[in-house]
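A short worksheet on the structure shown next.
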Amino acid sequence: MRAAFLALALVLAAPALADSDMPPAYWANRQLPNPQQEEQARGLMQEIRCLVCQGESIADSDAELAGDMRDLVRRRIAAGEKPASIRTWLIQRYGNWISFRPPTQPIGWPLWLAPLALLVAGGLLAASRLKRRRSR
Amino acid sequence: MTAETGLAALWLAAALSLLQLALGFAPGMSKSGSAPIRAVAVLQGGLTLFAFAMLVLVFATTDLSVALVAENSHSAKPLLYKIAGTWGNHEGSMLLWVTVLGISGAALAIFSRRLEERTFVAALGAQGALALGFFIFLLFASNPFARLDPPALEGRGLNPILQDPGLAFHPPTLYLGYVGLSVAFSLAVGALVTGRVDRELARAMRPWVLGAWVFLTLGITAGSYWAYYDLGWGGWWFWDPVENASLMPWLAATALLHSLNVLASRESLRAWTIMLAMIAFSMSMVGTFLVRSGVLTSVHAFAVDPKRGVFLLILLAFYVGAALLLFALRSGRLSEGPEFELVSREAALVGNNLLLSVILGVVFIGTLYPLFVEALTGAKLSVGAPYFDAVVGPIALALMALITIGPLLNWRRDSGERLKRLIIPALLGLGAFIILLMAVPQDGLLAKLGFGFAVALFPASLLPLLARKLGRTPLTTYAMVLAHFGVATAVAGMSISSLTTSETLIAAKPGEIVSVGPWSIRFDSIRPIAGPNWTALEATLYATRGGAIETLKPQARFYTDPPTETTQSAILTTLTGQLYTVVGQQVGDRWQLRLWWKPMVTLIWLGGALIAIGGALALLGRAWRGWRKAGVR
Amino acid sequence: MTGWLRFTPIVLLVLIVAAMLWRLANPPDTTVHSQMIGKRIPQFVLAAAVPGVQGLSSTQLADGKPKLVHFFASWCVPCIGEAPVLDELKKQGLTVEGIAIRDRPDELAQFLARNGDPFDRIGSDPESKTQLAFGSSGVPETFVVDGRGVIRLQHIGAIEAEEIPAIKAAAEQAR
C-alpha cells in the first residue's frame, strides 16, 4: 500500500525538466497510414540529429522538440515531399551538422573518397609484394 | 585504512613497473636471465590486483569517506551494483585498466616459455613501460582512493541506466580484451628490438591475441545486446564514437589473429604482423583517450575533463610514437618470408588483412572527420550510420567472400581445384538473394546482398571439414569453422531483422487490442509498482500470434537518486524472432506504446557468441596440442 | 618495407595528435546556431497566443523598421528573469514581437501578468514549426530582424542587462 502511494506521489511529482505540459504533436508518435510513406519518414528521422539530446536521432529521442520535428517530417512526407528535400530544408536552418549523412558537397568529398583511396593504396601495397615474390 | 592500503599498493606497483622497465632494457641483463624480471612483473601485477580489490571493498561497504564512493554510489543500491559501481566511473575503470595491464604482464611472465629469452625480457620491459605511464596518470590525475573530509552523509547514486546485470559484465570483459592486447604490443616491441620476428614469436603471441580477442568479441556483443534491451529503441549498433572506439581494436585484433597464423605457418607477413600488433593496442589507447577526454560528444562518454585528456594524449603520443619509430627504424631489417602465389592461402589472408584494415581505416576516418573539418574550416558536420553502413557494408561482403575461399586454399600455391566445391553454396546464396529481391519490395539492397552472402557462407564455412576424418581433425579446424559459421549467423540476423522488422506506434487505452507483424496484443492494464530504489508504471500486455498467449510487462521507471526516467522494455524471445515492447508517456486517458516484431534478430548476438566460442576453442586446441607434446594427458 | 612508407604512420600520428590538441584547447560548442542569419524570415501566420494581444505574421515583420523576434514560453524558467531586460529594450525604442512555444493561453496570460508584457504582438507556435523554420532550437532566443525582413542576429539564451547596448547597436545597424 505504501509502495503504491509512493509510486503515485512520484508519478504526480513528475521530473521538473524545462518542458511544456502540452501534449505531443499529432504525428510525433503516430505512424502514417501509408506504409511506404511511414518507411520513408522513419528512414529520414533516423538520420536527423536531435537538437536537444544531441547524440540521438529524432527517431529515438524523447525530447519535445524531437517530437515536433517528427511531426514536421511526417506531415511533409504525407503531403508528398521527398525526404531529400526535407533534409535540405533542415540543413538550410541548422547546418550540415544536423544530418548524420555527411554532405555530398566538396566538404565531404575526402570522406566519401577515403574508402576507395584506402582500397587502392592497400591493394597496390599488397600487389607489389606479391609481384616481388613471383619475379624471384 | 582500506583505501590507504590500496593506495600504498599502487605506489609500490608503480615503482616496480619502473624497475621492470629498467630490467627489460638495461644492457647486460642477459647474464641474469629472465628470472628477475619475471619476478618483478608478477609482483607488480599482484600488487595492482590487490589495490583493485581494496577499491572493490571500499565500494561494497559504501565507505563514504572515499570521494569516489560518495560521488558514484549509494547505500540503498543492491550489492551487485555497488560492486559494479567500482568501474562505473572514470577513476575506478582506469584502475581496472591498469590492473588488467598488470596481470597481463604477470601472466606473460608466468606462462610464456617458448620464446627466445632476450625478446622475452624486452617484451616484459615494454609491458613495464606501458604500466609506468598509466600508473603516473592514475596516481597524479585520477586517484581513486582520494579521501573526502568530512565524509559524505550519503552517496550521490549511480546513473540508473547503468544499474543492470549487463554493467557487471560489459566493461571488465572489454578491458580484458583491450588491455590484453598490450601483451601483443609488448611482444612486438621486444621482437623489433632483438630483430627476431619469426615462427616462434607468432606462436608465443597467438594465445594472448586469441584470448584478448575472445573477450573483446564477447564484450562488444554483450554491449550491443545491453544497449538493445536497455535503451528502449530496439537499435543494436549506432556508430556512436565510443562504439567505434571499441570496434577498432577488434578489427585490428582480428586482422592480427589471421596474420599470426601466416607468420606461424609460413614465416611470411612479418612487417604487417608487427604493425598490426602495435596498431591493435594503440587503438585501445586511442579509445581510452577518446572516451575520457571530452573530445567527442557521445551518449556513452565518461565525465569530461580536458586536463586528463591532455595527459592521456601525451601518454598515447609517446607510446604509439615510440613504437612506430621503432618500427620505422627496424622493420627494414626484417627479411621477407618465403614466396607465395596469387592463388594461395597466404594471398587470401593478405586480402583479409587488407579488407579488415580498410574497414578499420574507414571507421577511424569517419569518427574523426568532423573534428578535422572543424579544426581546419570551422564548419560543423556529422558522420553517422548512413556513411558507415554504406561504406563498411560492401567491404564486409567482400570479406565474407574471402572467408569462403581462403580456408579451401593450400599454403604457398594452390590450383584452385577445391574452390569448385563453392559452386553449390554460391548458387544457394544467389537463390536466397533473388528470393529476397522479389519478396521484399522496398529498399535494402545491402541487407539483401548480406543475406545472400550469409546463406552461401553457412555451407561454405563447413567445407573445410568435407572429405576429412572428423575424429582426427584438429580442434583448431573446428574452431575456425565455428567462428566463420558465426559470422554467417550474425550477418544473417542483421540482414533479416533489418529487412523485415515491423513497428507499431500507438496511443492505446487499457483494454484495446493492437497488432504488430503477426502478433495481436491486448493492452490489459497499467499500474504503479515499486522496486528497491525506483518506482514505475508497469503495463500488462497479452500477446499471441495464433498460439499460446504470452505476457509482457514493460515499465516506465523513475529513479530517486539521481532523479531519472528510464524505460524498461519487455522482450519476448521466440525461435523466429523477438517481440520488443515499450510503454511511454500518458496522453490523456491513453498510453504511448511502441511495439516491434524483429524476426531473427537474436542471430546477431548468437553469431557473436559463436565467433567468440570459436576463438576459445582455438585457444583450447592449441593448449591441448601443447600439453600433449609435453606429455601431459 | 620500402623506405619512406615506413614513416607514414608516424606522420599520421602527428596529424592526429595535433587535431586532438586543437580540440582539447577548443572544446566543442553544443549550442545550435541558426544558419538563417542573412536570409529572409520564413513565411508564417500565427494565431493570437493570448486573448487581447494580436497574433504575429511574417508580413508584419517587413514593414521598414527593425524588430526583435523573441521566442519564449511560460514554462521557460530563464524567460522569467529576462522580462525586465525586454522592458528596457522596449523603453529604448525597440519593437519586441513574441512567439510563444507550446503554450496555453491561460498560463501565458498568468506569465505576462506576473512578469510584464513588453510585446507588441504574440504569436502562438504550439508545435514549434515556426521555431524550426527560424533555425532556433530552444527558449529563450531573440532574433534581430531588419526592415526588409532579413534576419541579422541570433541571441541564444536570456539577454543579460549588460548585453542591451549590443542588441540596440545590432538593431541600429539593421536599418
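Before moving on, here are some points about what is shown:
- Stokes-Einstein diffusion of the range B:68-141 at 20 °C, 1.002 mPa s viscosity, Kirkwood radius from Cα pairs, rounded to a whole number: 149 µm²/s.
- Counting Cβ atoms of other protein chains within 10 Å of each Cβ in B:96-108 and taking the mean gives 0.
- Total charge dipole magnitude, the range A:23-136, about the Cα centre, Cβ charges on Lys, Arg, Asp, Glu only, Debye to nearest 20: 1260
- Pair-distance profile P(r), taking every C-alpha pair of the protein assembly as shown, with 20 angstrom steps and integer %: 12, 40, 35, 11, 1
- Rounded to two decimals, the Cα radius of gyration of the range B:283-399 over 2.2 N^0.38 Å is 1.37.
- Ratio of Rg to Rh over the range B:97-205 (Cα coordinates, Kirkwood Rh, two decimals): 1.14
- Within the range B:502-599, the proportion of Cα pairs with more than 20 Å between them is 34 percent.
- Of the Cα atoms belonging to the range B:339-477, the radius of gyration and Dmax stand at 19.2, 64 Å.
- Inter-chain neighbour count for B:43-51: the average number of beta-carbon atoms from partner chains within 10 Å of each residue's beta-carbon is 0.
- Restraint check, C:Lys65/C:Lys129; C:Lys39/C:Lys67; B:Lys448/B:Lys598, Cα-Cα greater than 20 Å: C:Lys65/C:Lys129
- Here the protein assembly as shown is assigned +1 on the Cβ of each Lys and Arg and -1 on the Cβ of each Asp and Glu. Its dipole about the Cα centre then comes out at about 4680 debye.
- For B:Asp589 and B:Ser65, the FRET efficiency from 1/(1 + (r/R0)^6), where r spans their Cβ atoms and R0 equals 60 Å, is about 0.75.
- Förster radius 41 Å - calculated FRET efficiency between B:Arg527 and B:Leu153, Cβ distance, rounded to 0.05: 0.75
- Here the Debye sum runs over all C-alpha atoms of the range B:1-163 as equal scatterers in vacuum, and log10 of I(q)/I(0) at q = 0.14, 0.15, 0.21 Å⁻¹ comes out as -0.69, -0.75, -1.17.
- About its Cα centre, the dipole of chain B is roughly 2200 debye, where the only charges are +1 on Lys and Arg Cβ and -1 on Asp and Glu Cβ.
- Here the range C:18-68 and the range A:76-136 have alpha carbon centers that stand 31 Å from each other.
- Full-stretch length increase - B:Leu575, B:Ala76 - with 0.36 nm per residue and alpha-carbon distance subtracted: 175.8 nm
- Nonlocal amide H pairs with B:Trp591, under 5 Å, H built at 1.01 Å: B:Ala508, B:Lys509
- Rounded if a/c under 1.5, otherwise prolate or oblate - the range A:23-101, Cα gyration tensor axes: oblate
- Helices in chain B, meaning DSSP H runs of at least 4 residues, each add -39500 (n - 2.57). Divided by all residues, the mean residue ellipticity at 222 nm is -21500 deg cm²/dmol.
- Spin-label model distance (nm) - C:Arg148 vs B:Arg199, 7 Å beyond Cα toward Cβ: 8.1
- Ranking B:Ser73, C:Leu94, B:Met285 by how far each Cα lies toward the positive end of the dipole of the protein assembly as shown (charges on Cβ) leaves B:Met285 at the top.
- Cα-based equivalent ellipsoid, the range C:45-173: semi-axes from gyration tensor eigenvalues, Å: 20, 17, 14
- Between the amide H of B:Val516 and those of B:Ile521, distances stay under 5 Å, these residues lying 5 or more places away or on another chain, with hydrogens modeled in the peptide plane.
- Each part reduced to its alpha carbon centroid, the range B:12-56 and the range B:90-131 end up 9 Å apart.
- Ordering A:Met22, B:Met1 from the fewest to the most neighbouring beta carbons within 10 Å gives B:Met1, A:Met22.
- Here the simple spin-label model places points 7 Å from the Cα toward Cβ, and for B:Arg412 and B:Ala26 these points are separated by 4.6 nm.
- Top positive-direction residue, dipole computed over the protein assembly as shown with Cβ charges, set B:Leu130, B:Gly471, C:Ile122: B:Gly471
- Inter-chain shielding of A:21-28 (mean C-beta neighbours from other protein chains, 10 Å cut-off): 5
- Here is the P(r) of chain B: all C-alpha pair distances, binned every 20 Å from 0, give 17, 48, 30, 4, 0 in whole percents.
- Here C:Asp125, B:Asp524, A:Asp60, C:Asp63 are placed in order of increasing Cβ neighbour count within 10 Å, fewest first, which gives C:Asp63, B:Asp524, A:Asp60, C:Asp125.
- The calculated FRET efficiency for B:Leu329 paired with B:Leu376, based on their beta-carbon distance and R0 = 35 Å, is about 0.65.
- C:Gln173-B:Ser265 pseudo-label distance in nm [points 7 Å out on the Cα-to-Cβ vector]: 7.0
Every number here is computed from the coordinates shown, using simple stated rules; none is lab data. Since the structure is predicted, the reported quantities are computational estimates derived from the model, not experimental observations. Every residue, glycine among them, receives a Cβ derived from its backbone with ideal geometry; neighbour counts consider all protein chains shown.
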